[in-house]
1. When the range B:401-425 is examined, which residues are found to be among the hydrophobic types (A, V, I, L, M, F, W, C) and either more than 22 Å from B:Val342 (Cβ to Cβ) or in a loop (DSSP other than H, G, I, E, B) (or both)?
2. Return yes or no: is B:Tyr414 surrounded by 24 or more Cβ atoms within 10 Å (Cβ to Cβ), within 13 Å of chain C (Cβ to nearest Cβ), more than 30 Å from C:Ser26 (Cα to Cα) and touching a residue at least 12 places away in the same chain (Cβ under 8 Å)?
3. For the subset of the range B:296-317 comprising residues that are hydrophobic (A, V, I, L, M, F, W, C) and closer than 18 Å to C:Gly642 by Cα, which member is surrounded by the fewest Cβ atoms within 10 Å (Cβ to Cβ)?
4. Among the numbered criteria (1) over 33 Å from the mean Cα position of the chain (by Cα); (2) away from chain B (no Cβ under 14 Å); (3) basic (Lys, Arg); (4) more than 17 Å from C:Leu306 (Cα to Cα), which single criterion is violated by C:Arg630?
5. Please list, ordered by residue number, the helices (runs of 4 or more DSSP H) wholly in the range C:262-341 having 3 or more residues that are under 19 Å from the mean Cα position of the chain (by Cα), touching a residue at least 60 places away in the same chain (Cβ under 8 Å) and under 28 Å from C:Ala130 (Cα atoms).
6. Only one of these is of a type outside the set (Gly, Ala, Ser), modelled with pLDDT of 90 or more and surrounded by fewer than 24 Cβ atoms within 10 Å (Cβ to Cβ): B:Val251, B:Val284. Name it.
7. Given the criteria within 13 Å of another protein chain (Cβ to nearest Cβ), among the β-branched types (Val, Ile, Thr) and closer than 15 Å to B:Ala305 by Cβ, does B:Val218 qualify?
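The values are calculated or read from the model by the stated rules, or taken from the named source; none is laboratory data. Note that this is a predicted model, so its numbers are computed, not measured. Virtual Cβ from ideal backbone geometry, glycine too; neighbours counted across all protein chains shown.
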Amino acid sequence: MLTLADSQFSAYAAVGLLVLMAAGFGIFNLIASTLIGPRRRGKVKEMVYESGMNPVGDARRRFNVRFYVVAMTFLLFDVEIVFLYPWAVNFASLGPPEGDQLSLMFLLRMGFFVLTSVVAFVYAWGKGVFRYD
Amino acid sequence: MSNLMVDKVATLWPEMVMLAGAVACLMTGLSSQASRRRTVVWIAAATLVIAGIIAAAGTAQATSGVGLAGMAKFIKVAVAAVGLLLLMLNTSSTSQEGVALMRDTPELGGEFFAFFLCSLTGVMLTAGADDLVWLFLALELTSLPTYVMVAMGRQKLEARESAVKYFFLGAMSAALFLYGFALLYGAAGSTQLADIHQYALDNPHDGLLMFGLVLAVVGICFKIAAVPMHFYAADVYQGAASPVTAFLAFVPKSAGFLALLLMLGIVGWPLPQPIAWLIAAIAVATMTVGNVLGLVQSNVKRVLAYSSIAHSGYMLLGVLIGPPGSAPGSGNSATSAIGNGVAAVLFYLLAYGFSTIAAFAVLACLRVENDEAQTYNDLAGLMQRRPALAAVMVVAALSLLGLPPMVGFLGKIYLFGSALTQGYVVLVVIAVLNSAISAGYYLPIAASCIFSKPMRDVQTIEAPGRQAGAVLAAILAVVLGFGGGKLVSSANDAGRVVKQKHADKVSQVDQEKQFTSQ
Amino acid sequence: MAVETLKFLPWIPLLGAVLCAICCTSPALRRLAGAICVLSVASALALALGVYFGPQSQAALSGTTVHALRWIDVHSFSAGFSYYIDGLTMIMLFVVTGIGALIALYATGYMKGDRGYARFFFGVCLFIFAMTTLVMADSLVLLYLGWEGVGLCSYLLIGYYYDKPFAVEAAKKAFIVNRIGDLGFALGIFLTWTTFDTVSLHEAIEKARHILEHGGEITTAMQCIPFLLMAGAFGKSAQFPLYVWLPDAMAGPTPVSALIHAATMVTSGVFMIARLIPIFELSTYALPVVAIIGTFTALLAATIALTNNDLKGVFAYSTVSQLGYMFLGVGVLSTTGGIFHLFTHAFFKALLFLTAGSVMHALAGQLDIRTMGGLRKRMPVTCWLMFAGCLALAGVPPFSGFVSKDMILHDALARGLHGEPLFFVLAIAGLFTALLTAYYTFRLWFRVFMGPERFEMGEEHGHDEHAAHDEHASGGHGPHEMPWWPMNLPLVVLAIGAIAAGILAEYVGGEHGWMHTMIEHSTASVEHEFHGELFGLSLHSVMVVLSLLIAALGIGTAAYLHWLRRDAAGVLEQKFAPLVKLLVNKYYVDELYDLAIVRPLRGCGKFFNLIDDYLIQGFLVQIVGGWGPRLVGYVLKPSQSGRLQSYGVGMAVGVVIVMVILIFKLTGN
């Protein structure tokens, strides 16, 4: 009979645990706050939460196209950072860059990758994407 | 492993130069000074020249296993050269008067030329691909910029419409061949073409592999506008600005054919029965559909779009034949360019490219009532108005038709001759009949230029680059018709490297076939 | 200069042609065309001379292949722009570019003010391109390309005055008659390829030489090749029965007649046979046939020239006749003699035509020699230049025409005396033709320049250049001498050639003379040596004496009948009226051809035209070829609706069909 550790799923156990913990944390907080928290109703209290701004008009109106461009630029860097994490984790295990050609290659590749994002950023800046006037 | 990686990067210098040039174009285009923005064209030109020189000076790429390694150098140089020609067409009018006259040819910005260079880089990368992921990225790098270029090139609603059509259908085809790639990976367990090739040799009857391969091939058919993925061609070619159309007719098509050769290289030549049958069927359907639809058109741009479809059909014959020495009993054909299907395709791509670029260039130079010249009537009597442009148009039409001494004739000789030496008599007969049908629309183009009375008030655009490009393309179409031999032999050399890479493995297939039949 | 540089030679005149074509487009540029043409041809000549006198001249003379461009490579068939350079090529290059440059220079004056000035020089440049390609070609296919190219230029330039119906007819006639010969030539090339497995000239020759020297089977096909090639040569070089186009070809401008229809193009048939002589030797009968046809044509054309009253017509027939001599030369294996005569003939015939052109120019297009007389006072330079040319043509020793013709007749006679009676007969016929030649040549000269002065102006008053010339012509009326530059000076050069080229080429340069050295290592070289004796004297001395006698007899008769006692000529004409009528009507050959060939063919043409109109056009083209594909097109047209969704569905359906077929195929196997 196979144990859990024997099966190939064991490698994913940590991930599963993480998912369970994350979901549990959320559910626990929601339930706990309903049970423990005091209830006070009010106009401001029941307003739609928009990070402290006053909500104006309908949410389904058309946004300025700049919003999308900025959002996409944000996404670009967001994704880049996601890529950077595993790279950084593995880079440490490759040893110091000097002397080892492989890690130098590794560094250069990430440098190139970051460079492409920077080019996109510079272009967006130059094109006036971040200018709100 | 690290050395391999360094080697691989070293073969990519032309592409890197192209990308750097694209970035430079992008940045220069941001300048607030119009004079500085105009230098973008020169930057792009310099980039192409440098990349071409580096590619020409570089050694043939060393790869492990399949791939168009031997061809990569030839293709990179050719792409850089044709890119320069296309760049000339895409330079817009610089004089003030010209701008006022031609509202729908805006001064193209840095983005346009950056995309232009990116797309060409995609073709170069396709030529060097040895991995499914690489191939996919290269193909998309070729295609994605073209969607934007179609939209940018012309300030008309038509252009936007065709850009959207092109994008959606292109995305659909990309999904198809990506699915095919996924199946190939699923079957072979590797994305390396060499590994998949080995797997295909070991398991010649793997249904999953065949399925993936055919899906990939059909998806790539979009790039070459072959049946059943040809629907977009006419609409997109018509909607885009003529110089951009010229770009569409050459660049994605080249990438598509290279990708096809790579894909079919997985199973190797002679192709397995079902695949060979499929390619032959697609070839026949493509050339026939292209030609009969071309006959019933009055819009020259659409006619040229259908002609582009038809020519893809002819070229598929070369894809079917493959590199030399792949068919039994073709021992001596390795010494001659004929019998080398890959070389024939490469040469025909250039032959077709120059001819069709010349035709679109003429259209790009002409304006009728503030719109592009498009119909036979617009071209009527061009000989009296603009003899040089009319001559270019006639040369282009006759070359596309395949009359000597234009280069199209030589291209057809090599293509059809190769097919004949491999015994595809029926296919060649169909192809020749199709060529005859195509006279039904090429000759009227030439005839309306020469013999008809002028009907519309045709003006010439003030863009010397375009006119020079038109004339240059036509001269090349004639000169290569005479002096194509050198080019053919280099295409032949390029095509033969593939064969040498294959030779041992192909014979292995034969042995296996004999073995299984016993 | 290295031999390799010769590969650029044909392209220089082509560049000139392109520039001339550009000059055609604008009236301002038009005047430049002449200078461009002269310069391009002269630089081609300079290039040829540079190679000849350069360090690699030995390579250039002993046979080198120079590759310029590859063109078609299909299996074993390979035809490209590769050139074969040897002594023969160099001689031909000197003739084509040298004589070409002189004539082009003359033409800049002759054609001045003509509205087709640039078009004319475009044609000349293109012709030089095609002709140099022809003489340099290594591949028979390339040779054929040049062959057809010169034919095309000839057609364009004969029909230069396209508003004159006669010129257009003549151009058509030349083209069609040449087609007949070219058909044979093309078949000959095909047969060469199938038998020798190559279209490369020197390879085919090597194979033929190998068979000749080492023995080997000579197949029927091999024996057929010379006869097919011969047809091409006879068409281009105006030999019986295909000579009829050349006299009509004089409808072109006179420099064209001089360049194309006297000095260069018409000799390409002789050149071709000389070049391929080993292939002709494969058949026992080929070269004798060449010799017989040549001699017969020489005699025939000479008799027609006797009574011809057209200034250029006489020279045209004399060209046909002289070409006959050249064929006799190559036919008796005296290739040196044949090419030698080609070489000298180019000088003196160009000179004669151009001086005739000067006369014609001065008389506003008048060509009828019966209306002329005593022009020597008005045109002294032209008169004596033509005299030099006439002496050469009449074969008076030691002028160049004598030296080369003597070589041919000597070799023929020598072979005749060595037990080949056929050649003896031919040599005698050749000698008789020489007598006729001397007579008709001087008949013309005495008529035009001697006797009492008389002239009638022609009808070409429209020539703009006359206004220009008349300014410096005294009085402004009547014929006048041509200016030294650019017209008479090139003629002087040609005259020097006509006088001395023969002697120089025979006795200077090399052991057996320059001409012999040049031919010795070329593809035209033959190993036969001819010597003979007659009446205890060496054949050479006999020939000199004979030639002198014959020339004296011919010239004397001409002087008596056409200078001193012109009335006697009239009496004689009356006496032999039927014969004269036959000759004046050129043996009714044109009429015969019209009756026997042209009319039946025209009838056939009408019949086939009906078939074409109704069966081919009506049924095959309209219905099968036109409607069929179009119908399919209309059926498919709705599929191109322009709707994105339909396209997507179409693609999806296509993929599904492909997949279904694939599944069937996979499971079926």
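1. Of everything in the range B:401-425, those that are among the hydrophobic types (A, V, I, L, M, F, W, C) and either more than 22 Å from B:Val342 (Cβ to Cβ) or in a loop (DSSP other than H, G, I, E, B) (or both) turn out to be B:Leu401, B:Leu403, B:Met406.
2. Numbers: surrounded by 24 or more Cβ atoms within 10 Å (Cβ to Cβ): yes; within 13 Å of chain C (Cβ to nearest Cβ): yes; more than 30 Å from C:Ser26 (Cα to Cα): yes; touching a residue at least 12 places away in the same chain (Cβ under 8 Å): yes.
The answer is yes for B:Tyr414.
3. Of everything passing the filter in the range B:296-317, B:Val296 is surrounded by the fewest Cβ atoms within 10 Å (Cβ to Cβ).
4. (2)
5. Values: elements: C:268-275, C:277-281, C:286-307, C:311-331.
The helices (runs of 4 or more DSSP H) meeting that bar are C:268-275, C:286-307, C:311-331.
6. From the options B:Val251, B:Val284, the qualifying one is B:Val284.
7. Numbers: within 13 Å of another protein chain (Cβ to nearest Cβ): yes; among the β-branched types (Val, Ile, Thr): yes; closer than 15 Å to B:Ala305 by Cβ: no.
Taking the combined requirement at face value, the residue does not satisfy it.
Residue by residue, here is whether (1) farther than 30 Å from B:Pro270 by Cα; (2) at pLDDT 85 or above; (3) surrounded by fewer than 19 Cβ atoms within 10 Å (Cβ to Cβ) holds:
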| site | (1), (2), (3) |
| --- | --- |
| B:Ser399 | yes, yes, no |
| B:Pro404 | yes, no, yes |
| B:Ala419 | no, yes, no |
| B:Leu433 | no, yes, yes |
| B:Ala439 | yes, yes, yes |
| B:Leu443 | yes, yes, yes |
